[in-house]
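For reference, the structure discussed in these notes is given below.
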Amino acid sequence: MPIKPEFLEELKARRTEAKLCGGADKIEKRHAKGQLCARERIEALYDENSFQESGMHVDQARPVAKRLPGDGVVTGVGNVDGRPVAVFSQDFTVSGGSLAQMHAQKICDIQDQACELGFPIVGINDSGGARIQEGIWGLSGYGQVFFRNVQASGLVPQISIIAGPCAGGAAYSPALTDFLIQTRKNAEMYICGPSVIKAATGQEAPVEQYGTADAHASISGNIHFVAEDDKDAIAITKKLLSFLPLNNMMNPPHVLPEAIESITNEGLNELVPEDSRMAFDVHKVIEAITDKGQWLEVQKDFAKNIVIGFARIEGMVAGIIANQPAVKAGALDIDSSDKGARFIRFCNAFNIPVVNLVDVPGFMPGLAQERGGIIRHGAKMLFAYAAATVPKITVIMRKAYGGSYLAMCSKDMGADFVYAWPCAEIAVMGAEGAIPVVYKREIDAAKAEGGEAAAKAKRAELVEKYRSKFASPWQAAETNMITDVIEPSETRYHIALALRFSLTKRSTRPPKKHGLIPL
């Protein structure tokens, strides 16, 4: 028996209503501001004709005269470059994208489905916050979403796009996810707005100082990527997903080579200055060892003394963690320790090998660092590396002193392969600090004989003696603390070999609920 025409007409009418969101006029207003609507963002994310929506016909739980199509959020699953991904996209044209009972239930349902099926979750946040008219249901809804963010953590990758307002409690769902992308225009994220801050503290606090993408990217470190607009945010999301596995039970999308080519880059032999106090840009090393176009830096504007990101090396996915000698001499401080430790733990959760490029003079000295808890923050790096069971490959390019040598993943901290350039210095401390202690008698004798000038000349003479006796990579090689001493030009080849050999690594830790990272 054929379906009655009126049934098909009603279906068509309801689909049309849902796809019109809050109305053509509201969509046009968004376009005028350079923003996409919720469904356009989803269309930009997914492969053509691959999106399966869920909950299209949901309405608000406590209906009034006006319907709220989809209750202000679009959810579903689809393919991104042929691989399944779950999404929720808040619709600001429908009641300001406000969250209430059914809105939250739709998000929770897609979170549950993603965890059961093993799909990454992309959340596009553009909401005026909790729907006041629904009272406690809004708070309850946020709590349910937060709970599922935590359940999904380490199980499937979670990516948040901040494409509009994200204020108050709403900001905590993105904060619980793995990567945050915020558009430079039309998006704000904060707990308290300027008026609330002024009322509570009397302090003038323009939102530009703390709620924008630039402020979060460079000062608070709350976000990982700044996007110019909605389309750019989607492009960054797709690039990021291209490096990630679908879930914690899968390997990342390696493109395994049949053989590792013995390619050298002679430019690396000339990169490091003779004077170990002079800086160089570690990005040049990263560019030399990674496949062309296969590098995505993460949090590039925050804690620039450490560089992190995803790359492919001979087709194999790796997370790269590199000291940056061009910023603060590459020393580890509070922010860079947090940045590095969080990235290591993400890579470990999702089976992504870690490559460490080391040129670190130590932990940052200073009263502010000590009072700010550099001991606790620096310990996060030690904890993260020691707890990680993924392949860990370390290249000591130049300085590796004291506790920071360990904090950048030495063999003792679980590195599977450790390489050192011939110019590397591995020691308890640098020559300038150690010489007055190690060679005190010789310096005192020179001073007694020829005064300060003689003592200064003696110190300069002893620098090379100290380096060859106490800081040479050969000392580390002779005591089996490193795998090999290599030419800088050979770095890509040796890393690629180590990655290929270690992809079958299987390592466990003692049975326990979880370790207690020094938060």
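The values are calculated or read from the model by the stated rules, or taken from the named source; none is laboratory data. Keep in mind that what you see is a predicted model, and the values were worked out from it rather than measured. Note that each Cβ is placed from the backbone with ideal geometry, even for glycine, and that neighbours are counted across all protein chains shown. Each accessible area value is taken on the protein alone, full model and side chains, heavy atoms only, with ligands, DNA and RNA left out. Shrake-Rupley method; radii C 1.70, N 1.55, O 1.52, S 1.80 Å.
Laid out as a table, the results:
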| item | result |
| --- | --- |
| Options Leu241, Leu246: the member that is under 15 Å from the mean Cα position of the chain (by Cα) and either touching a residue at least 60 places away in the same chain (Cβ under 8 Å) or open to solvent by 40 Å² or more (accessible area, probe 1.4 Å) (or both) | Leu241 |
| Residue check for Gly450: open to solvent by 40 Å² or more (accessible area, probe 1.4 Å) and not aromatic (Phe, Trp, Tyr) | yes |
| Residue within segment 268-283 that is open to solvent by less than 20 Å² (accessible area, probe 1.4 Å) and either under 26 Å from His224 (Cα atoms) or without any contact (Cβ under 8 Å) to a residue 40 or more places away in the chain (or both) present | yes |
| Scope segment 477-492; condition open to solvent by 60 Å² or more (accessible area, probe 1.4 Å) and more than 17 Å from Val272 (Cβ to Cβ); matching residues | Glu478, Thr479, Asn480, Met481, Thr483, Asp484 |
| Residue list for segment 410-423, restricted to those being touching a residue at least 60 places away in the same chain (Cβ under 8 Å) and within 21 Å of Gly330 (Cα to Cα) | Ser410, Lys411, Val418, Tyr419, Ala420, Trp421, Pro422, Cys423 |
| Filter result for the condition that a residue is in a helix (DSSP H, G or I) and more than 17 Å from the chain's Cα centre (by Cα), over Ala205, Ala200 | Ala200 |
| Residues satisfying the stated conditions in segment 215-230, i.e. exposed (fewer than 15 other Cβ atoms within 10 Å of the Cβ) and either at positive phi or assigned to a helix (DSSP H, G or I) (or both) | Ile219, Ser220 |
| Selected residue [surrounded by fewer than 14 Cβ atoms within 10 Å (Cβ to Cβ) and either under 18 Å from the mean Cα position of the chain (by Cα) or not basic (Lys, Arg) (or both)] from Ile263, Ile236 | Ile263 |
| Some residue of segment 427-437 being in contact with an Asp or Glu (Cβ under 7 Å, 6 or more places away or on another chain) and either open to solvent by less than 70 Å² (accessible area, probe 1.4 Å) or part of a helix (DSSP H, G or I) (or both) | no |
| Some residue of segment 291-300 being modelled with pLDDT of 95 or more, more than 25 Å from Leu180 (Cα to Cα) and buried (at least 20 other Cβ atoms within 10 Å of the Cβ) | no |
| Those helices (runs of 4 or more DSSP H) lying entirely in segment 1-58 with at least 2 residues surrounded by fewer than 16 Cβ atoms within 10 Å (Cβ to Cβ), at pLDDT 85 or above and under 38 Å from the mean Cα position of the chain (by Cα) | 24-32, 38-45 |
| Residues within segment 343-361 that are open to solvent by less than 10 Å² (accessible area, probe 1.4 Å) and in contact with a Gly (Cβ under 6 Å, 6 or more places away or on another chain), tallied | 5 |
| Hits in segment 317-342 - residues which are under 17 Å from Asn248 (Cα atoms), buried (at least 24 other Cβ atoms within 10 Å of the Cβ) and not small (Gly, Ala, Ser) | Val317 |
| Selected residue [over 16 Å from the mean Cα position of the chain (by Cα), open to solvent by 10 Å² or more (accessible area, probe 1.4 Å), over 19 Å from Asp412 (Cα atoms) and in contact (Cβ under 8 Å) with a residue 60 or more places away in the chain] from Arg376, Arg371 | Arg376 |
| Qualifying residue in segment 283-296 (condition: in contact with a Lys or Arg (Cβ under 8 Å, 6 or more places away or on another chain) and more than 24 Å from Ser489 (Cβ to Cβ)) | yes |
| Complete set of residues in segment 176-197 that are within 21 Å of the chain's Cα centre (by Cα) and open to solvent by 60 Å² or more (accessible area, probe 1.4 Å) | Leu176, Arg184, Glu188 |
| Options Arg441, Arg459, Arg467; residue that is open to solvent by less than 70 Å² (accessible area, probe 1.4 Å), part of a helix (DSSP H, G or I) and not hydrophobic (A, V, I, L, M, F, W, C) | Arg467 |
| Residue satisfying condition, being farther than 29 Å from Lys239 by Cα and touching a residue at least 40 places away in the same chain (Cβ under 8 Å), within set Val94, Val77 | Val94 |
